[in-house]
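The values are calculated or read from the model by the stated rules, or taken from the named source; none is laboratory data. Here the structure is a predicted model, which is why all the values come from computation and not from measurement. For neighbour counting, all protein chains shown are included, and Cβ atoms are generated from backbone atoms with ideal geometry for every residue, glycine included.
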Amino acid sequence: MSYDLKNQKLIIASHNQGKVKEIGDLLDPFGLDVISAGALNLPEPEETGTSYIANAELKALAASQAANLPALADDSGLSVTALGGAPGIYSARWAGETKDFNYAMKRVADALLLSGTNDRSAEFVCALSLAWPDGHIVSFEGRVGGTIAWPARGDKGFGYDPIFVPTGHTITFGEMAPEKKHAMSHRAVAFSQLVDHLTNQT
């Protein structure tokens, strides 16, 4: 089987429209024909992995084999130092069944307050996995450090973006123009590794 993505439709294995748009924007310069798992009505597999990469691989492979097409999956989250790395791989679950990230961000702020520490350091982590129907998978992980801001600021981005200030900046991801965030985010770091891998294939 060829592992080249040219002339193939690629599934973005996510039902999260924020992620689908952001990954789609990153893929746009490559002229790939992409479609989301949500648009194909593919089921969402239970995320039973114990790491970002394990969950990304699980989602990518499930979508790829269900549609018999290559699929790209993301698993990402916010890791807060003072909370022992939480919410981590459970970042989406902190938003509850309704996926209310205003609620999730308040949970983070409340937990930090209860921790009794002034340490607000955190990092966003993103694992990207690209899978083919025969089970071939490549995975990459990107990280970007920063601090937690409260109250939340900005209405751009999605998820925890309004409470995360990346190192070297004074505004949150939620306040940044999308193109600026795309140039430096954890997802962009992982995506850069993926592009390097695909470009260097012999």
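Kindly establish whether residue 171 is of a type in the set (Val, Ile, Thr), modelled with pLDDT of 95 or more and crowded, with 21+ Cβ neighbours inside 10 Å.
Judged against the criteria, residue 171 is not a match.
When the stretch 56-84 is examined, which residues are found to be touching a strand residue (DSSP E or B) at 6+ places or on another chain (Cβ under 7 Å), at pLDDT 95 or above and surrounded by fewer than 24 Cβ atoms within 10 Å (Cβ to Cβ)?
Of everything in the stretch 56-84, those that are touching a strand residue (DSSP E or B) at 6+ places or on another chain (Cβ under 7 Å), at pLDDT 95 or above and surrounded by fewer than 24 Cβ atoms within 10 Å (Cβ to Cβ) turn out to be 57, 61, 79, 81.
Any idea how many residues of the stretch 25-44 are surrounded by fewer than 17 Cβ atoms within 10 Å (Cβ to Cβ) and either of a type outside the set (A, V, I, L, M, F, W, C) or more than 16 Å from residue 64 (Cβ to Cβ) (or both)?
Residues flagged as surrounded by fewer than 17 Cβ atoms within 10 Å (Cβ to Cβ) and either of a type outside the set (A, V, I, L, M, F, W, C) or more than 16 Å from residue 64 (Cβ to Cβ) (or both) within the stretch 25-44 amount to 10.
Of all residues in the stretch 1-55 being touching a Pro at 6+ places or on another chain (Cβ under 9 Å) and modelled with pLDDT under 90, which is farthest from residue 190 (Cα to Cα)?
1
Which residue is modelled with the highest pLDDT, if the candidates are limited to the stretch 158-168 and must be in contact with a Lys or Arg (Cβ under 9 Å, 6 or more places away or on another chain) and assigned to a loop (DSSP other than H, G, I, E, B)?
159
Name, by its number, the condition in (1) within 23 Å of residue 19 (Cα to Cα); (2) touching a strand residue (DSSP E or B) at 6+ places or on another chain (Cβ under 7 Å) that does not hold for residue 132.
(2)
Exactly one of these conditions fails for residue 142: (1) touching a strand residue (DSSP E or B) at 6+ places or on another chain (Cβ under 8 Å); (2) among the small types (Gly, Ala, Ser); (3) loosely packed, with under 15 Cβ neighbours inside 10 Å. Give me its number.
(3) is the only condition that residue 142 fails.
Among the listed residues 129, 185, 192, identify the single one that is crowded, with 22+ Cβ neighbours inside 10 Å and at pLDDT below 95.
From the options 129, 185, 192, the qualifying one is 185.
For the stretch 6-19, does any single residue satisfy the condition of being out of contact with any Asp or Glu (no Cβ under 7 Å at 6 or more places or on another chain), closer than 18 Å to residue 138 by Cα and not aliphatic (A, V, I, L, M)?
yes
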